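Visitor: If you scroll down you'll find the structure; I have some questions about it.
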Number of protein chains: 2
Amino acid sequence: MRQSEFFTRTLREAPKDEVSINAQLLMRAGFVSKVMAGVYTILPMGLAVLKKIEGVIGSEMIALGGLEVLMPALQPKANWEQTGRWQTYDSLFKFTSFYTKNEYALGPTHEEIVTPLFQSFNLSYRDLPKAMFQIQTKFRDEARAKSGLLRGREFLMKDLYSFHADEKDLDSYYEKAREAYRRIFSKLGLGHVTFLTFASGGSFSEYSHEFQTLTSAGEDLIYICDKCDVAVNKEILQDQNNSCPECRNSDLREEKAVEVGNIFKLKTKYSDAFNLTYKNENGVSTPVIMGCYGVGITRLLGTLVEVHHDDKGIVWPEAVAPFKVHLIKIGDKREVGDFAENLYKNLLEKGIEVLFDDRDDVSVGEKFAEADLIGLPIRAVVSEKTISKNQIEIKKRSGDLASLVSEEEFLKEL
Amino acid sequence: MRQSEFFTRTLREAPKDEVSINAQLLMRAGFVSKVMAGVYTILPMGLAVLKKIEGVIGSEMIALGGLEVLMPALQPKANWEQTGRWQTYDSLFKFTSFYTKNEYALGPTHEEIVTPLFQSFNLSYRDLPKAMFQIQTKFRDEARAKSGLLRGREFLMKDLYSFHADEKDLDSYYEKAREAYRRIFSKLGLGHVTFLTFASGGSFSEYSHEFQTLTSAGEDLIYICDKCDVAVNKEILQDQNNSCPECRNSDLREEKAVEVGNIFKLKTKYSDAFNLTYKNENGVSTPVIMGCYGVGITRLLGTLVEVHHDDKGIVWPEAVAPFKVHLIKIGDKREVGDFAENLYKNLLEKGIEVLFDDRDDVSVGEKFAEADLIGLPIRAVVSEKTISKNQIEIKKRSGDLASLVSEEEFLKEL
């Protein structure tokens, strides 16, 4: 992609009404644009990051046997009344059609849709287990939305739902899902700061598990057991006598964190509400056992920036960077332009994702400052100085040292 | 994909409350499930079709210089008041936050978002033209929604917006977009029944253009000029003295049709509302000239079924079929199973998308009826009879003749 063809702009100053670091940097670097509190337009480079996140998550969901679907955001009141959540679910957007006078909820989650869907399939024991997932836009009527992409009123989520004949099967699937989640956060460059966290299991399970990523921007408090490498959410700490649920160590470390994922044994909570049963081997109707597994995709975009930035800008992990290489042409000499254009072509031919700063009307200092702000993994500079030695100046965004290499070496190393 | 692993079911009978052919067939074949009138869950095979449609459209949008973004569905009242459409736009879902008391619209279109976004970029003449598009979920508070996927209360659309320095540049871009749209509908297997149709240009353009696909399920009436191969929407027929806007032929043929796309010269209608200007060569602020270009993606899913079906079920055009081959194993003999499993493996290795009916508990008649209902382009049957000759029985969904071929021939022909 040529930067001259972009329509987005980097901003020198953070927008005044935006207090969160992730939104400030994502807006300054041109990844998102704010529409109102908690609601953003995702610009091309932001969308490229989201698609990489979706790719990592989607392939793990398919490996878990998940089939992809797309459920609606517009949901009928009757379904939410059937679970009792029309009145009790905080932050549910509700409204009425002008024409039909029907009442709707805007879905913050999809148990109220997926459970009757499976009920319609008339499952037998031979059909189980099954799992389905979606990557879909959700809505929450948040009282406050000051954490940028960490807490949106509209946001993308991946949610997977699993359906089992008995609790033992759910338990073994749940373990697999937990490992898949570990791999997801590790692949995304968040593994080292993301803790499996014991959280409330509601009235029907002992625990649920959250994946909490350490960041001072987080709105949750977790208590880490360094012996077990797990954490406890503050909400259940007292119930656990202020100790680790695994080893009962009470020397826990308090940290701020953001919940990037959660997995929950729903058991028969929603099956009971919608009479979701299957016929067992003896032809007897038996409640289906359910689990649900969520990841906040737009929230991960914000979390990645909170975790991976410095005072100059974003430092994207390679797995989610919108481009791998930021190729920067310095000066408007024809030979420099030819060298850079040729390198750009060769990078594209090799299948390398490259952002090419081909602009003539921007100063060297601005180009470098922008490159640091945007934060692509590798900066490759072509200037009169470098081409005089038939070389390119390479610098990693995460390091300080620049080095001169030939084009051949550069292409080989990528 | 193995059919034994699917969770969806085909239905013998059409749902009683669904009068449209597209929804009846898509529900019976397990592509969608109805949540309420005008709102559907897209099941795995339906999503596969949507992704193929999106692929065809997306590549044409990129060829038009469009950069992809994702704008929000949740839109502030202020933006809709600024264009005057808060009160005048029919079928706008409007509601109020319980916590903040802010009022929102659920976006049926995005001029109210994209125009202030571009305004924030402080464009100069050197930045123009620019184009951006999204594939995104839209909402309409429809008084009636009886046409299945043709008229949803929630639906996927592709919308592209273009920004120009002058009308001449818009005109030339608009021509290119028109040709891109022709290619899209042609690639999707709808070219032969889709007419460029003159429609109202509002108060600021002489015409807009719709792409109308002929089907008795359509809610629009168009008048085709067979000399020019264009049509006129009923809404402007009288203004055109009941004649063709191109050749003034008044021998027009009335047809029912569904609007699958539209392109519109917005000119300065929205630029004026949001003060979207650019600095021209002399540094003078000048209104940006805009165009917009929409395609209904979920609507295309329904339209494809209305156009391509027979009394047995759907007949997918190859470009959008969820799988190319429906491999059907007949009988539970071990040799038949081995042959079919091996063929399945070889098809996958060759990169062929194949649905494998590997089920043992379904009769031959049911398997064939389901295959016709689902409508994949090629049916490949493996049975005791065929493997006795070391062959496979091949039949196109669009034809009547079955033929026996060797696996080698079959793989070569695909």
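The values are calculated or read from the model by the stated rules, or taken from the named source; none is laboratory data. Not measured: the values here are computed from a predicted model. Positions of Cβ are generated from backbone atoms using ideal geometry, with glycine treated the same way; all protein chains shown enter the neighbour counts.
Visitor: Starting from region A:384-396, keep only residues that are over 30 Å from A:HIS308 (Cβ atoms), then list their pairs with residues that are in a strand (DSSP E or B) whose Cβ atoms are within a distance under 7 Å, requiring at least 6 positions of separation or different chains.
Guide: As it stands, the answer is A:LYS389/A:LEU404; A:ASN390/A:SER406, since those pairs meet every condition given.
Matching residues to (1) among the aliphatic types (A, V, I, L, M); (2) more than 14 Å from every other protein chain (Cβ to nearest Cβ); (3) touching a residue at least 60 places away in the same chain (Cβ under 8 Å):
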{"site": "A:ASP127", "(1), (2), (3)": "no, no, yes"}
{"site": "A:MET132", "(1), (2), (3)": "yes, no, yes"}
{"site": "A:ALA143", "(1), (2), (3)": "yes, no, no"}
{"site": "A:ARG153", "(1), (2), (3)": "no, no, yes"}
{"site": "A:MET157", "(1), (2), (3)": "yes, no, yes"}
{"site": "A:GLU179", "(1), (2), (3)": "no, yes, no"}
{"site": "A:ARG183", "(1), (2), (3)": "no, yes, yes"}
{"site": "A:LEU221", "(1), (2), (3)": "yes, yes, no"}
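Visitor: Being away from chain B (no Cβ under 14 Å), free of Cβ contacts under 8 Å to residues at least 12 places away in the same chain and over 27 Å from B:ILE135 (Cβ atoms) narrows it down to one residue among A:SER147, A:SER172; which is it?
Guide: None of the other options fit; the residue is A:SER172.
Visitor: Let me ask something else. Given the criterion buried (at least 22 other Cβ atoms within 10 Å of the Cβ) and either in contact with a Ser or Thr (Cβ under 6 Å, 6 or more places away or on another chain) or assigned by TED's automatic domain parsing to the domain that holds A:TYR89 (or both), identify the matching residue among A:PHE211, A:PHE204.
Guide: Details: A:PHE204 fails: buried (at least 22 other Cβ atoms within 10 Å of the Cβ).
Checking each option against the conditions leaves just A:PHE211.
Visitor: Another one. Taking region B:236-250 only, how many residues are exposed (fewer than 14 other Cβ atoms within 10 Å of the Cβ) and touching a residue at least 24 places away in the same chain (Cβ under 8 Å)?
Guide: Total meeting the criteria: 1.
Visitor: Looking at region B:17-45, which of its residues are part of a helix (DSSP H, G or I) and within 11 Å of chain A (Cβ to nearest Cβ)?
Guide: Within region B:17-45, the first condition is being part of a helix (DSSP H, G or I), and the residues that meet it are B:21-28, B:44-45.
Passing the criteria: B:MET27, B:PRO44, B:MET45.
Visitor: Moving on. Please go through region B:352-385 and give me each residue that is small (Gly, Ala, Ser) and more than 25 Å from the chain's Cα centre (by Cα), ordered by number. Spell out how you get there, then give the answer.
Guide: Here is the first cut: in region B:352-385, the residues small (Gly, Ala, Ser) are B:363, B:365, B:369, B:371, B:375, B:380, B:383.
Passing the criteria: B:SER363, B:GLY365, B:ALA369, B:ALA380, B:SER383.
Visitor: Same structure again: Among the numbered criteria (1) over 30 Å from A:GLN24 (Cβ atoms); (2) touching a strand residue (DSSP E or B) at 6+ places or on another chain (Cβ under 6 Å); (3) among the polar types (S, T, N, Q); (4) at pLDDT 95 or above, which single criterion is violated by A:SER205?
Guide: (4)
Visitor: Answer yes or no as to whether B:CYS225 is farther than 30 Å from B:GLU81 by Cβ, out of contact with any helix residue (DSSP H, G or I) (no Cβ under 7 Å at 6 or more places or on another chain) and buried (at least 20 other Cβ atoms within 10 Å of the Cβ).
Guide: Considered against the rule, which asks whether it is farther than 30 Å from B:GLU81 by Cβ, out of contact with any helix residue (DSSP H, G or I) (no Cβ under 7 Å at 6 or more places or on another chain) and buried (at least 20 other Cβ atoms within 10 Å of the Cβ), B:CYS225 comes out as yes.
Visitor: Residues that are in contact (Cβ under 8 Å) with a residue 40 or more places away in the chain, β-branched (Val, Ile, Thr), assigned by TED's automatic domain parsing to the domain that holds B:TYR40 and touching a Phe, Trp or Tyr at 6+ places or on another chain (Cβ under 6 Å): does region B:341-358 have at least one?
Guide: no
Visitor: Taking the condition over 19 Å from A:LEU304 (Cα atoms), touching a strand residue (DSSP E or B) at 6+ places or on another chain (Cβ under 8 Å) and small (Gly, Ala, Ser), does A:ALA217 pass?
Guide: no
Visitor: Further question: Can you tell me which residue in region A:51-62 is surrounded by the fewest Cβ atoms within 10 Å (Cβ to Cβ), limited to those that are without any contact (Cβ under 8 Å) to a residue 60 or more places away in the chain and within 12 Å of chain B (Cβ to nearest Cβ)?
Guide: Of everything passing the filter in region A:51-62, A:ILE62 is surrounded by the fewest Cβ atoms within 10 Å (Cβ to Cβ).
Visitor: May I ask you to verify whether B:LYS269 is basic (Lys, Arg) and closer than 15 Å to B:PHE118 by Cα? Break it down stepwise before answering.
Guide: On the way: basic (Lys, Arg): yes; closer than 15 Å to B:PHE118 by Cα: yes.
Considered against the rule, which asks whether it is basic (Lys, Arg) and closer than 15 Å to B:PHE118 by Cα, B:LYS269 comes out as yes.
Residue by residue, here is whether (1) closer than 30 Å to B:ASP127 by Cα; (2) not aliphatic (A, V, I, L, M) holds:
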| residue | (1), (2) |
| --- | --- |
| B:THR277 | yes, yes |
| B:GLU281 | yes, yes |
| B:LEU301 | no, no |
| B:GLU318 | no, yes |
| B:GLU341 | no, yes |
| B:LEU348 | no, no |
| B:ASP358 | no, yes |
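Visitor: Also, quick follow-up: Going through A:ALA371, A:ALA380 one at a time, which residue ends up being among the aliphatic types (A, V, I, L, M), outside the structural domain of A:PHE31 (by TED's automatic domain parsing), crowded, with 18+ Cβ neighbours inside 10 Å and in contact with a helix residue (DSSP H, G or I) (Cβ under 9 Å, 6 or more places away or on another chain)?
Guide: A:ALA380
Visitor: What number goes with the only condition from (1) crowded, with 17+ Cβ neighbours inside 10 Å; (2) in contact with a helix residue (DSSP H, G or I) (Cβ under 9 Å, 6 or more places away or on another chain) that A:LYS279 does not pass?
Guide: A:LYS279 satisfies every listed condition except (1).
Visitor: Here's a check for you: in region B:100-125, which residue that is closer than 21 Å to A:ARG2 by Cβ and among the polar types (S, T, N, Q) is farthest from the other protein chains (Cβ to nearest Cβ)? Give the steps one after another, and end with the answer.
Guide: Pass one, region B:100-125, residues closer than 21 Å to A:ARG2 by Cβ: B:117-118, B:121-125.
Adding the requirement that they be among the polar types (S, T, N, Q) leaves B:122, B:124.
Values: B:ASN122: 7, B:SER124: 10 Å.
Here the residue is B:SER124.
Visitor: Please state which of the following conditions B:ALA48 fails to meet, knowing it meets all the rest: (1) under 22 Å from B:ASP141 (Cβ atoms); (2) more than 8 Å from chain A (Cβ to nearest Cβ); (3) not in a loop (DSSP other than H, G, I, E, B).
Guide: Exception for B:ALA48: condition (1).
Visitor: I'd like the residue in region A:75-99 that is within 11 Å of another protein chain (Cβ to nearest Cβ) and within 21 Å of A:ALA143 (Cα to Cα) and, out of all such residues, is surrounded by the fewest Cβ atoms within 10 Å (Cβ to Cβ).
Guide: Step one: of region A:75-99, the residues within 11 Å of another protein chain (Cβ to nearest Cβ) are A:75-79, A:90-99.
Adding the requirement that they be within 21 Å of A:ALA143 (Cα to Cα) leaves A:90-96.
Values: A:ASP90: 12, A:SER91: 14, A:LEU92: 20, A:PHE93: 23, A:LYS94: 17, A:PHE95: 18, A:THR96: 15.
Filtering region A:75-99 for residues that are within 11 Å of another protein chain (Cβ to nearest Cβ) and within 21 Å of A:ALA143 (Cα to Cα), the one surrounded by the fewest Cβ atoms within 10 Å (Cβ to Cβ) comes out as A:ASP90.
Visitor: Hey, another quick one. Among the residues of region B:100-117, are any crowded, with 19+ Cβ neighbours inside 10 Å and either at pLDDT below 95 or among the basic types (Lys, Arg) (or both)?
Guide: Within region B:100-117, not a single residue is crowded, with 19+ Cβ neighbours inside 10 Å and either at pLDDT below 95 or among the basic types (Lys, Arg) (or both).
Visitor: If you don't mind, there's one more thing I want to ask. On the basis of being in contact (Cβ under 8 Å) with a residue 40 or more places away in the chain, of a type in the set (A, V, I, L, M, F, W, C) and in contact with a strand residue (DSSP E or B) (Cβ under 8 Å, 6 or more places away or on another chain), does A:ALA29 make the cut?
Guide: yes
Visitor: Among the residues of region B:197-213, is there at least one that is under 30 Å from A:GLY46 (Cα atoms), outside any loop (DSSP other than H, G, I, E, B), more than 14 Å from chain A (Cβ to nearest Cβ) and not charged (D, E, K, R)?
Guide: no
Visitor: Sticking with this structure for a sec: Restricting attention to region B:316-330, does a residue exist that is small (Gly, Ala, Ser), closer than 19 Å to B:ALA402 by Cα and in contact (Cβ under 8 Å) with a residue 12 or more places away in the chain?
Guide: No; the residues of region B:316-330 include none that is small (Gly, Ala, Ser), closer than 19 Å to B:ALA402 by Cα and in contact (Cβ under 8 Å) with a residue 12 or more places away in the chain.
Visitor: Now for a separate question. Please enumerate the residues belonging to region A:300-340 that are farther than 16 Å from A:LEU376 by Cα, assigned by TED's automatic domain parsing to the domain that holds A:ARG151 and of a type in the set (A, V, I, L, M, F, W, C).
Guide: Scanning region A:300-340 gives a single hit, A:LEU300.
Visitor: Tally the residues that are facing another protein chain (nearest Cβ under 7 Å) and of a type outside the set (Asp, Glu), restricting the search to region A:63-74.
Guide: 7
Visitor: I've got another one for you. Which numbered condition in (1) within 30 Å of B:GLU103 (Cβ to Cβ); (2) modelled with pLDDT under 95; (3) among the charged types (D, E, K, R) is the only one that B:ASP17 fails?
Guide: Only one criterion in (1) within 30 Å of B:GLU103 (Cβ to Cβ); (2) modelled with pLDDT under 95; (3) among the charged types (D, E, K, R) is unmet by B:ASP17, namely (1).
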